[in-house]
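Q: This is the structure, below, for whatever I ask next.
The values are calculated or read from the model by the stated rules, or taken from the named source; none is laboratory data. As the structure is a prediction and not an experimental result, all values here were calculated from the model. Here Cβ is always computed from backbone atoms with ideal geometry, including for glycine, and neighbour counts include all displayed protein chains. Areas reflect the complete protein model, heavy atoms only, side chains present, ligands, DNA and RNA absent. Shrake-Rupley method; radii C 1.70, N 1.55, O 1.52, S 1.80 Å.
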Amino acid sequence: MRIDKIQKENRITIGLLAVNILTFIVLSFLGDTQSSQFMYDHGAVFAPAVIENGEYYRLFTSMFLHFDFSHLMNNMIMLGALGTTVEPELGSIKTLILYLLSGLGGNLLSLGADWTSGALVVSAGASGAIFGLMGALVWLVIRNRGGYGRIYGRRVYLMVGLSLYYGFTSTGVDNYAHVGGLICGFLLAICLYRKRGKEKIIREEKR
């Protein structure tokens, strides 16, 4: 496959990777990304700030912030793998919508859990949106009767299970954002994805 075609089919994924990486580089020069105060000052989610002060923008800006290099790389590897699988099938605009709304959904569930429990946590990261891509991939597999291309149901379900297991058995992981993003991504994919029929594929091949 030609490089320009790969870039065209995955332009949203490539763009999201670039924004996340560039944001981390810039913030790393400006201060300490492992500092909760520094991350709060630059848009991380903090329940009292969002609910009491109305700083709702944090629900979006926090998706592009990462606390350290390993946090960034773990998320970017998953974003690259999932994005380049989902975007060619779902389409660029729909992939962007799904990514942002899944991240928002994950952040809202996390926010609600923090506010209800009284936990004063500064949270950031792209994992809620990335789990949204994972949820979308689950629907794509189901909709295509067990798989498409090189993607098969058992592998996808195993990936989801292992990812959730890793989160629940690790410390400092926002599992509410993961679960919220996963559910939102799955539901959004049901609404956004339209499987191409055989007739449409034949017409496209004849052009």
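Q: Taking all protein chains in place and a 1.4 Å probe, what share, in percent, of the accessible surface of the chain do carbon and sulfur account for?
A: 63 percent
Q: May I pose another question? Say the dipole of region 1-206 comes from +1 at the beta carbon of Lys and Arg and -1 at that of Asp and Glu; which of Ala124, Tyr193, Leu108 then lies farthest toward its positive end?
A: Tyr193
Q: Let me ask something additional. Report the charge-dipole magnitude of the chain in Debye, nearest 20, computed about the Cα centre from +1 at each Lys and Arg Cβ and -1 at each Asp and Glu Cβ.
A: My answer is approximately 1620 debye.
Q: Quick one: what are the phi-derived ³J(HN,Hα) couplings along region 123-133, Karplus 6.51/-1.76/1.60 with θ = phi - 60°, whole Hz, x for glycine and proline?
A: 10, 7, x, 8, 5, x, 5, 5, 5, x, 5
Q: Do the sum for the chain: with -39,500 (n - 2.57) for every DSSP H run of n ≥ 4, divided by all residues, what is the mean residue ellipticity at 222 nm, to the nearest 500 deg cm²/dmol?
A: Taken over the chain, the calculation gives -23000 deg cm²/dmol.
Q: With a 1.4 Å probe and every protein chain left in place, work out the accessible area per residue of the chain in Å², rounded to a whole number.
A: 56 Å²
Q: Further question: For region 1-144, what number results from the quotient of the Cα radius of gyration and 2.2 N^0.38 Å?
A: Dividing the Cα Rg of region 1-144 by 2.2 N^0.38 Å gives 1.09.
Q: Here's another thing I want to ask about it. State, as an integer percentage, the relative contact order of region 1-206 based on alpha-carbon contacts under 8 Å between residues 6 or more apart.
A: 24 percent
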